[in-house]
1. Starting from the stretch A:179-197, take each residue that is within 19 Å of A:Gly137 (Cβ to Cβ) and not assigned by TED's automatic domain parsing to the domain that holds A:Lys15 and list its partners that are among the acidic types (Asp, Glu) and exposed (fewer than 15 other Cβ atoms within 10 Å of the Cβ), counting only C-beta distances under 8 angstrom and pairs at least six apart or across chains.
2. For the stretch A:116-129, give me the residue count where each residue is touching a helix residue (DSSP H, G or I) at 6+ places or on another chain (Cβ under 6 Å) and away from chain B (no Cβ under 13 Å).
3. Among (1) in a helix (DSSP H, G or I); (2) exposed (fewer than 14 other Cβ atoms within 10 Å of the Cβ), where does A:Ser201 come up short?
4. Just checking, which of A:Leu64, A:Leu92, A:Leu81 is within 26 Å of B:Gly137 (Cα to Cα), out of contact with any Leu (no Cβ under 7 Å at 6 or more places or on another chain) and at pLDDT 95 or above?
5. If I filter the stretch B:33-55 for residues that are assigned to a strand (DSSP E or B) and farther than 19 Å from B:Val161 by Cα, do I get at least one hit?
6. Might you let me know whether the stretch A:40-52 holds any residue that is touching a residue at least 40 places away in the same chain (Cβ under 8 Å), within 22 Å of A:Leu92 (Cα to Cα) and of a type in the set (Val, Ile, Thr)?
7. Scan B:Phe105, B:Phe96 and give me the residue that is of a type in the set (Phe, Trp, Tyr), closer than 27 Å to B:Ser157 by Cα and buried (at least 18 other Cβ atoms within 10 Å of the Cβ).
8. Looking at the structure I just gave you, is B:Asn131 under 28 Å from B:Trp112 (Cα atoms), surrounded by fewer than 19 Cβ atoms within 10 Å (Cβ to Cβ) and in the same structural domain as B:Phe96 (by TED's automatic domain parsing)?
2 protein chains.
Amino acid sequence: MLTLHDNLGSGNAYKVRLILSHLSKPFRRIEYDVTTGETRTPAFLGINPNGRIPTLVFEDGRVLVESNAILFYLATDTEYLPDDAFVRAQALQWMFFEQYSHESFIAVARYWRHFIWDEVAASPERMQTLNEKMEKGRNALAVMDAHLKDNPFFVGSSYSVADIALYAYTHVADEGGFDLTPYRHIRDWLARVAEQPGHVSITKSEFES
Amino acid sequence: MLTLHDNLGSGNAYKVRLILSHLSKPFRRIEYDVTTGETRTPAFLGINPNGRIPTLVFEDGRVLVESNAILFYLATDTEYLPDDAFVRAQALQWMFFEQYSHESFIAVARYWRHFIWDEVAASPERMQTLNEKMEKGRNALAVMDAHLKDNPFFVGSSYSVADIALYAYTHVADEGGFDLTPYRHIRDWLARVAEQPGHVSITKSEFES
């Protein structure tokens, strides 16, 4: 059985739980507290030298890290990865956009507000950085909303790994202080994603049975 | 002919020039000054709504952005993209590592020191942020060096898109204030990359003929 080194609060880890659920693949979860250094122990660094969850370990011991690389691999030869080479590259384009222009602002704002707020609020410098991240996060949301105005999903005409990657932190962006009200196309798309067969919520923790 | 919306100082854009050179594909370059907002004009945002170079435009008008997605697409069905699905996922793993844990520290430190130093040096907050980025950048270099201790290239046993992605900003890390002397395996790997057929330097600007 697959082993997912996991954290229920992490949108990056949720991406992996979501695709595994779509694919009806059983897996066991090992939960880590990322706020107390549990992913920086020598034992965990032996599994992932970059010290991050999600980390997926296969039955034969092979290890894959980076949420979007895991998504791409698990989706290979399934309906969740586009067949056409150019559309597949467009999916990767949105997945790199997600990590560089979206996650680093929206996920970090959420983490600061939702998980370590007291520490952030006590620092004027971090509050200013938070405001800068909020502005860049809103820019990412605007890029997404404009694209979704004319497209039901991010690439091709159906739900794919690109949607899973972008859904993970967008659907909890309110926890980072983002108001999604102005982004009507994003809100409609969030509803379409949640209707997909096998969809599970970010809080679902039982998967083995 | 392909059109690359480009910037000679950008490692992300260099990745695209490098793979096109390996593949002996002619292309024309349009140079943008990223420090003066040339990639934020309405005309350019019409091509790439996220306002970034590199942006690649194909003869039929299709557009692809995000350097590593472009690399992946151009390398499809060539020796630069691994055939095996798991090895290909490992290449993507390193490419996502590059954008999230390497580029955002090493490339940004280089940009700050090399292109907008006066502005950064005048701000104690930005100098502190720079020091934090340097520390995280050194962490990325340590992860790479440990991996290269036992591997000639990042995935499989040959040069691939993963090496191109990581070479781009690592080989100019000194311009960001990083001393590569302690990273012997990285230095040996940089030399192996520079020996690949079709290798070009980041400063080469003439490609059309």
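The values are calculated or read from the model by the stated rules, or taken from the named source; none is laboratory data. For clarity, every value in this text was computed on a predicted model and none was experimentally measured. Reconstructed Cβ throughout: ideal geometry from the backbone, glycine too, with neighbour counts over all protein chains shown.
1. Pairs that qualify, where the first residue is within 19 Å of A:Gly137 (Cβ to Cβ) and not assigned by TED's automatic domain parsing to the domain that holds A:Lys15 and the partner is among the acidic types (Asp, Glu) and exposed (fewer than 15 other Cβ atoms within 10 Å of the Cβ), are A:Leu180/A:Asp174.
2. So the answer is 1.
3. (1)
4. Every option except A:Leu92 fails the conditions.
5. No, the stretch B:33-55 has no match at all.
6. no
7. None of the others qualify; the one that does is B:Phe96.
8. Yes, satisfied.
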